[in-house]
Amino acid sequence: MTEHTVHGDPSRAALARRIQLLQDFAEVVRGAPFSYAELVGSLQPQNLSLRPSQWSLLVGGGCGALPSNEVFAGLAGVFGVPASFLLEGGALPPALASMAGPILTLRARRIQEVADRQLVDLAPNVLDDVTAALEPLARLHP
């Protein structure tokens with residue numbers, strides 16, 4: 001499988017994917033997206049801050065200075081994972097691994113929504129193929 005990079009830096013792309021996975025995990029657990037404002041509010045009691053530009057950099061895998069290790073530890077605490085998962089990657093923490101099915105279902109639903117908007121008028125046969133390919137993921141978690 002090809003490594004998807006952002007701005008040519010595979011480590012930043014991998015970090016962005018881990019952050020996005022944590023956002024999806026939080027959405028599945030809570031039933032609603034975890035907003036930037038909630039994230040900042042969760043960091044404040046620890047006297048940690050994260051500017052919108054830093055959060056955008058983390059989520060998008062862009063170039064620029066990364067937050068301190070203390071901020072990464074705070075983020076990990078907010079999402080209930082070890083800081084090493086954010087900083088180094090590796091195996092999914094057990095809480096994330098146990099929610100893999102629901103996270104895949106959430107992502108499949110998002111892909112289906114985009115496909116519906118983008119393909120229905122121009123390529124309905126391709127939309128049917130996309131829908132068929134996503135069907136097994138949709139059954140993982142109703």
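The values are calculated or read from the model by the stated rules, or taken from the named source; none is laboratory data. Keep in mind it's a predicted model, so treat the numbers as computed, not measured. Here Cβ is always computed from backbone atoms with ideal geometry, including for glycine, and neighbour counts include all displayed protein chains. The area values use the complete protein model at the heavy-atom level, side chains included, leaving out ligands, DNA and RNA. Shrake-Rupley method; radii C 1.70, N 1.55, O 1.52, S 1.80 Å.
Is at least one residue of the range 54-76 under 30 Å from residue 127 (Cα atoms), in contact (Cβ under 8 Å) with a residue 40 or more places away in the chain and not in a helix (DSSP H, G or I)?
yes
Considering each of 58, 43 in turn, give the residue that is modelled with pLDDT of 95 or more, over 30 Å from residue 136 (Cα atoms) and in contact with a helix residue (DSSP H, G or I) (Cβ under 6 Å, 6 or more places away or on another chain).
43
State which residue pairs qualify: first residue under 13 Å from residue 75 (Cβ atoms) and open to solvent by less than 70 Å² (accessible area, probe 1.4 Å) and inside the range 34-47, second residue in a helix (DSSP H, G or I) and of a type in the set (Gly, Ala, Ser) in any location, beta carbons under 7 Å apart, and separation of 6 or more residues or different chains.
Cβ pairs passing all conditions: 34/26; 43/74.
Within the range 48-62, can you find the residues that are among the small types (Gly, Ala, Ser) and either out of contact with any strand residue (DSSP E or B) (no Cβ under 7 Å at 6 or more places or on another chain) or open to solvent by less than 30 Å² (accessible area, probe 1.4 Å) (or both)?
Within the range 48-62, 49, 53, 56, 61, 62 qualify.
Residues that are out of contact with any helix residue (DSSP H, G or I) (no Cβ under 8 Å at 6 or more places or on another chain), within 25 Å of residue 136 (Cβ to Cβ) and either surrounded by 15 or more Cβ atoms within 10 Å (Cβ to Cβ) or modelled with pLDDT of 90 or more (or both): does the range 14-23 have at least one?
Yes: one or more hits.
Contact list please: Cβ distance under 7 Å, first residue in the range 10-27 and in a helix (DSSP H, G or I), second residue basic (Lys, Arg), pairs at least six apart or on different chains.
Hits for this filter: 24/107.
Can you pull out the residues in the range 86-113 that are part of a loop (DSSP other than H, G, I, E, B) and either at pLDDT below 90 or open to solvent by 40 Å² or more (accessible area, probe 1.4 Å) (or both)?
89, 90, 91, 92, 98, 99 - these are the residues of the range 86-113 that are part of a loop (DSSP other than H, G, I, E, B) and either at pLDDT below 90 or open to solvent by 40 Å² or more (accessible area, probe 1.4 Å) (or both).
Looking at this structure, is residue 89 more than 13 Å from the chain's Cα centre (by Cα) and on the phi > 0 side of the Ramachandran plot?
Yes.
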